[in-house]
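Asker: Dumping the structure here so I can ask a few things about it.
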Amino acid sequence: MIHANDEPAVPMGLPLPNGKLAMWLFLVTEIMFFTALIGSYLIYRNGQPTASQPWPTPHDVHLAEWIGAVNTFVLICSSLTVVLALWSLHVGNSKRAVQYIGVTLALGCVFLVIKAYEYQQKFAHGILPGRVFEKLDSPHGYKYMRHVQEQLEHIEKHGGVNDKAKKACAELLADIRAGKLQPKDVNERVRGTKSIKETNPGKEFITTKDSTYVDLPERSRPKDAPMVEGILEMDTHAHLSYSIPFGNMWASCYFAMTGFHALHVFGGLVVFAIMLVMAWRGRFGPQNAQMVEVTGLYWHFVDIVWIFLFPLLYLV
Amino acid sequence: MSEQHHDHSHGDHSHSHGDHSHGEHSHSHGGDAHGHADDAAAHFRSYIAIFIALCVFTAISFVFNELVRGGIISPMTSATVIMIVAIIKAGCVAYIFMHLKADWGKVYCIMIPVVIMCVMMIIVFLPDGVLGWR
Amino acid sequence: MSVGHPPTTAAPAHHEPSFLGKYIFSTDHKIIGMQFLFTSIIFLGLGGILALLVRIQLAWPHAEIPILREWFVDNGGRMTESFYNMLFSMHATVMIFFVIIPFLTGAFGNFTIPLMIGAPDMAFPKLNMMSYWFMWPAFVLILASFYAEGGAPAAGWTSYPTLSSITMPAGEGLHSPAAPNSGHGQIFWLLSLTCVGISSMMGSVNYITTIINMRAPGMTLYRMPMTIWAMFITAILQAFALPVLTVALIYQSLDKSIGTTFFLPDGLTFGNWSAGPGGGQTLLWQHLFWFYSHPAVYIMILPAMGMVSDIISTFARRPLFGYRAMIYSIAGIAGLGFIVWGHHMFQSGMDPRLGTGFMIATIMIALPSAVKVFNWLGTVYRGDIQFTTAMLFALSFVALFIIGGLSGIFMAATPVDIYIHDTYFIVGHIHYVLFTSSLMGIFGAIYYWFPKMFGRFMNEFWGKVHFALTFVFANGVFFPMHILGTAGMRRRIPDLTATAFESPLLTLNQVMTISAILLGLTQLIFLANFLLSLFLGKQTTERNPWHSNTLEWSAPTPPPHGNFDVPPVVYRGPYEYGAVPNRTEDYLPQTLKFDGPVPAASGH
């Protein structure tokens, strides 16, 4: 051991405060956590789905891209305000810092409200894990047909769709009751094939030999097959179920990923709320710069996660 | 705001190890009062610039997605662009908002392994999870 | 000693807190360490009882069970097969997640880290307390799973889907159509492990921060004792690997509760009942699980390696041979540990291209492990060895780790693994690594640090008796497992008489079971020694009874709140043992300012 014995007693450690170092380490665990979530999503998405049984498009699962984009914008704004809060503390303007934190809290709440609206849409359309109809071969198919029949009866009784769709609903219900239809015919008449070109740009119509999963009309029909105008094309607000291959897997991944992200957002909001309470009691000032910085690190990380979730779930 | 704030108010153990200086010129606080205002203004400008860049990038990824719908570019091109844009955006947030510009030298030894680990994990899952089904 | 605490009393530095504040909701790292220590010892007893029941069933598959026979009236007083499945699943779970890991990182991590780096406490004492109290939901849930409808989980500690995760369709309850034990009990298991994970995550962030930022002046990274290095790298392993397990656990509990199908494939049917829409990937669970659980194997051995290094160097009175090589080999084991998880999956249908890579990486782990073994031998060689109980356990750690390590290389090679996979060979391997290595290291560490923890010695005579009997009986239980494995005895089979090729192995199993019962009884000696020594043991009269160099021995015994009466300053590395000119003692404490020549490891 060759150490000299008379070194000066210098302090050890990184020039980082404990809180900040611990936050970076916590973020390491969080990075691994979200990597596992995103990684398994990529695997589910790119693994089993095929050309004839593709992963659902946002349109299939009632996901509006622009809502995701707005949410991205909201989170970016909140990231800016939190960094400006820290900046204000450093230039000595505690009051402005508190205002920025308040805006951050508000933006975070807006994010969660938009998310809640999206979730509500999923619940309304039954896009929930384990409840999406995928395969229409028996017995799933007959379960699906019964389900549509109930939905049609509900529409018949309570209305809620436009006249054209209402007429088509009545016809479909009559045909189901008469026992004329196979589950996949019901699916085709609910969903329609008219707007396929618009909703599936760049996708070729595929005729497949794989006859096991030919329940999705648009992707397995020959090019010259007649187009059917579906009830959902007449009235997009009709609550009628249709088959979505891998819809359950999509919903599982969607809720797991956005749910954990939303939980993290909520956690951050709690800390911002605590800061506001401190400010309200007059105990918030430049001495809290480290608290703001550490919380900010966390908040930016939450933002970064969303920066990846948005394209992965809504766009690509 | 002349004194530096490196107390451990966040951690519940206030063990002060002497000089946890943040006094890098690139960091927003510290340094002498003179030149401080310039420094602060420069930081403010960089934050706003990054914010604008992030908005533009979000718009770019949104537009590219719409272009696919219009059939102008292939889904593969758009996916590549969108993912690159996402990585750039994440980099911007980490580099400026999370102050990695100033702190990289202190945390690189934990950040580099975790990034390698993430990428490696996903790549190693691919043969079983994805290629196995092809 | 200017502060004026008498060196051997337990006077706290600050106000006297109430019993509740001092021992239950304590933020003092030493008390938290002891809380982990005591709960781990209790769970060690539980895990041991489960193991003995497994052994009894294997040795006498058709006998009535002596005490529990009323439980199995329907089965003629004999154990049911699903009960047997539950036993080995819970034995492994308890031993891994509630004994070995809390012992190593919880008890000794907490106790040693601040003391050995010269810090007054952890960086975040309250977080530290939370990391212990987050274990309690886990304790409650894992114990509750025994009473859950259908019983405790029985799908093995690895809980592979689909056996573990097959569920009813959404909204139709949590019962499992696959096996009764995979219902509520399995959900408790998943939640329990999630709590353990959160606790470990808090602990690891705290440990890393403490070790990086709270070191005493002069305590450079390359002056840290091996225990601290091992704890540091273990904490990094936990921080990186645990979140992945958390995701897997959450996914499986979602599969079981709300009808997701992350791990349930297409077309799964049980009788005439179809398992939902499918679309999931069973193999993904194994990947995610082993991504954590293989590093977890190193979490379960590295701290023991570190502590054994310290014990060996102290009692061999020789500098640790190849200090830096030891550090690099620990880091190497940890780094490689992240890219070898697939060797648990050679038989799972994993892509063979991956298998080759995993095989090569796994075999490479033998290199740093061998470096460590040779360095321990180099440390002991020509040492002035003091055969204390702690040293005996540490030496047996080295000896038996060689067996455990070598049998690991068998499994690393895919062609050999295909033959011995899921046989008793692998059971023998894991028990050599976890019992005769990790647990031996833990016993050594308990005997070594007991005087510092409680101010009293454990009885050396009974300690040596404990050691000798444990050594003999542990080998008596675990060594035959290798023979059985190569003879083809399968893992997780309750009745050996069911097949012709396993029936002849019954006699050897009976020998093992007798050994196991004696091994269990031997631990009662330890328990008695431990508990009696707490109150009646010989009191320590000096701070540094083992004449060790590391910082914890310069603190008062037992260390008060805040640890050190004189803030330590470090002038040297931790392993400078041996005779030096101008000094009567054969050791140079790290806090000693001494200008003479210092002992060096030979060949260093």
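Asker: Can you tell which of A:VAL302, C:PHE36, C:TYR587 lies farthest toward the positive end of the dipole of the protein assembly as shown, using +1 and -1 charges on the Cβ of basic and acidic side chains (Lys, Arg; Asp, Glu)?
Answerer: Towards the positive end, the residue furthest out is C:TYR587.
Asker: Quick check for me: using +1 on Lys/Arg Cβ and -1 on Asp/Glu Cβ, what's the dipole size of the protein assembly as shown about its Cα centre, in debye to the nearest 20?
Answerer: Dipole about the Cα centre, nearest 20: 320 debye.
Asker: How would you order C:278-286, B:36-44 from highest to lowest mean count of nearby Cβ atoms within 10 Å? Don't jump to the answer; show the numbers that get you there.
Answerer: Details: C:278-286: 23.6, B:36-44: 14.9.
Highest mean packing first, the order is C:278-286, B:36-44.
Asker: Could you work out how far helix C:135-147 tilts from the main Cα principal axis of chain C, as a 0 to 90 degree angle to the nearest 10?
Answerer: 30
Asker: Something else: Explain nothing, just the number: relative contact order of segment C:63-172, from Cα pairs under 8 Å at least 6 residues apart, as a whole percent.
Answerer: 33
Asker: Using only Cα atoms and rounding to the nearest 10 degrees, what angle (0 to 90) does helix C:506-536 make with the longest principal axis of chain C?
Answerer: With both axes taken from Cα atoms, the answer is about 40 degrees.
Asker: Pairs of alpha-carbon atoms within less than 8 angstrom and 6+ residues apart define the contacts here; what relative contact order does segment A:98-196 have, in percent?
Answerer: So the answer I get is 21 percent.
Asker: Take every Cα pair under 8 Å in chain A that's 6+ residues apart, average their separations, divide by the length, and report that relative contact order as a whole percent.
Answerer: It comes to 30 percent, rounded to a whole number.
Asker: List the pairs from A:LYS143/C:LYS256; C:LYS30/C:LYS538; C:LYS126/C:LYS452; A:LYS20/C:LYS30; A:LYS95/B:LYS106 whose alpha-carbon separation is above 28 Å, in the order I gave them.
Answerer: Cα-Cα > 28 Å for A:LYS95/B:LYS106; rest within.
Asker: Let me ask something additional. Total Å² of accessible surface buried at the C-A contact, 1.4 Å probe, nearest 100?
Answerer: 4100
Asker: Same structure, new question: Please name whichever of A:CYS253, A:MET275, A:MET291 sits farthest to the positive end of the charge dipole of chain A, dipole taken about the Cα centre and charges placed at Cβ: Lys and Arg +1, Asp and Glu -1.
Answerer: A:MET275
Asker: Counting only other chains, and only Cβ atoms inside 10 Å, what mean value do you get across the residues of C:237-248?
Answerer: If you average over the peptide's residues, the count of other-chain Cβ atoms is 5.
Asker: Moving on to the next point. Any idea what the dipole of chain C comes to, in debye rounded to 20, about its Cα centre with Lys/Arg Cβ at +1 and Asp/Glu Cβ at -1?
Answerer: In debye, rounded to 20, chain C gives about 1120.
Asker: Now, a different point. Helix C:81-93 against the longest principal axis of chain C: what's the angle in degrees, Cα atoms only, rounded to the nearest 10?
Answerer: Once rounded, one gets 20 degrees.
Asker: Which net charge results for the neighbourhood of A:LEU21, defined as the other residues with beta-carbon distances under 14 angstrom from its beta-carbon, given Lys and Arg at +1 and Asp and Glu at -1?
Answerer: Value of the local net charge: +1.
Asker: Search the structure for amide H atoms under 5 Å from the amide H of C:TYR587, placed 1.01 Å from N in the peptide plane, and list their residues when 5 or more places away or on another chain.
Answerer: Excluding prolines and chain starts, which carry no amide H, the hits are C:GLY578.
Asker: Here's a follow-up. Arrange the residues B:TYR95, C:TYR577 by how much accessible surface each exposes, largest first, with a 1.4 angstrom probe.
Answerer: Result of the area sort, largest leading: B:TYR95, C:TYR577.
Asker: Search the structure for amide H atoms under 5 Å from the amide H of C:THR423, placed 1.01 Å from N in the peptide plane, and list their residues when 5 or more places away or on another chain.
Answerer: Hits under the 5 Å cutoff: C:ARG491.
Asker: May I pose another question? Spelling out what I want: for every residue of segment C:101-106, take phi, set θ = phi - 60°, compute 6.51 cos²θ - 1.76 cosθ + 1.60 (Karplus), and round to whole Hz; glycine and proline get x.
Answerer: 5, x, 4, 6, 7, x
Asker: When the Karplus curve 6.51 cos²θ - 1.76 cosθ + 1.60 is applied with θ = phi - 60°, which whole-Hz ³J(HN,Hα) does each residue of segment A:238-248 get, with x for Gly and Pro?
Answerer: For segment A:238-248, the Karplus-derived couplings read 5, 8, 10, 7, 9, 6, 10, x, 6, x, 5 Hz, x marking Gly and Pro.
Asker: Which number do you get for Rg(Cα) / (2.2 N^0.38 Å) in chain A?
Answerer: 1.35
Asker: Which order, highest average first, do C:58-64, C:135-141, C:550-556 follow once you tally other Cβ atoms within 10 Å for each residue and take the mean per peptide?
Answerer: Result, highest mean Cβ count within 10 Å first: C:550-556, C:135-141, C:58-64.
Asker: Could I ask something else about it? Which listed residue (C:LEU163, C:ALA413, C:GLN252) has the Cα farthest towards the positive end of the charge dipole for chain C, taking +1 on Lys and Arg C-beta and -1 on Asp and Glu C-beta about the Cα centre?
Answerer: Result: C:ALA413.
Asker: What ³J(HN,Hα) values, in whole Hz, does the Karplus curve 6.51 cos²θ - 1.76 cosθ + 1.60 give for segment C:24-37 when θ = phi - 60°, with x put for Gly and Pro?
Answerer: Once θ is set to phi - 60°, the couplings for segment C:24-37 become 9, 9, 8, 9, 7, 4, 5, 5, 4, x, 5, 4, 4, 4 Hz.
Asker: Can I ask one more? Order C:396-403, C:367-374 from most to least packed using the mean count of other Cβ atoms within 10 Å.
Answerer: Values: C:396-403: 21.9, C:367-374: 18.0.
Going from most to least packed, we get C:396-403, C:367-374.
Asker: Averaged over A:245-256, how many beta carbons belonging to a partner chain fall within 10 Å of each residue's beta carbon?
Answerer: 4
Asker: Top mean-square fluctuation among A:LYS184, A:LYS115, A:LYS157, Gaussian network model of chain A, C-alpha springs under 10 Å?
Answerer: Among A:LYS184, A:LYS115, A:LYS157, the largest mean-square fluctuation in the Gaussian network model of chain A belongs to A:LYS157.
Asker: Mind checking which of A:ILE127, A:ILE274, A:ILE76 has the largest fluctuation in a GNM of chain A, springs on alpha carbons under 10 Å?
Answerer: In the Gaussian network model the winner is A:ILE274.
Asker: Just round it to a whole percent: the fraction of Cα-Cα distances in the protein assembly as shown exceeding 50 Å.
Answerer: So the portion of pairs separated by more than 50 Å is 31 percent.
Asker: Another one. If you take each beta carbon of peptide B:104-116 and count the beta carbons of other chains within 10 angstrom, what is the mean?
Answerer: 4
Asker: Amide H of C:ARG456: which non-local residues (sequence gap of 5 or more, or other chain) have their own amide H closer than 5 Å, using H built in the peptide plane?
Answerer: C:THR540
Asker: Please state the charge dipole magnitude for chain A, taken about the Cα centre, from unit charges on C-beta atoms (+1 on K and R, -1 on D and E), reported in debye and rounded to the nearest 20.
Answerer: Approximately 480 debye in magnitude.
The values are calculated or read from the model by the stated rules, or taken from the named source; none is laboratory data. Being a predicted model, the structure only gives us computed values, none of them experimental. Neighbour counts are summed over all protein chains in view; Cβ atoms, including those assigned to glycine, are modelled from backbone coordinates with ideal geometry. Side chains included, ligands, DNA and RNA excluded: accessible areas come from the protein's heavy atoms. Shrake-Rupley method; radii C 1.70, N 1.55, O 1.52, S 1.80 Å.
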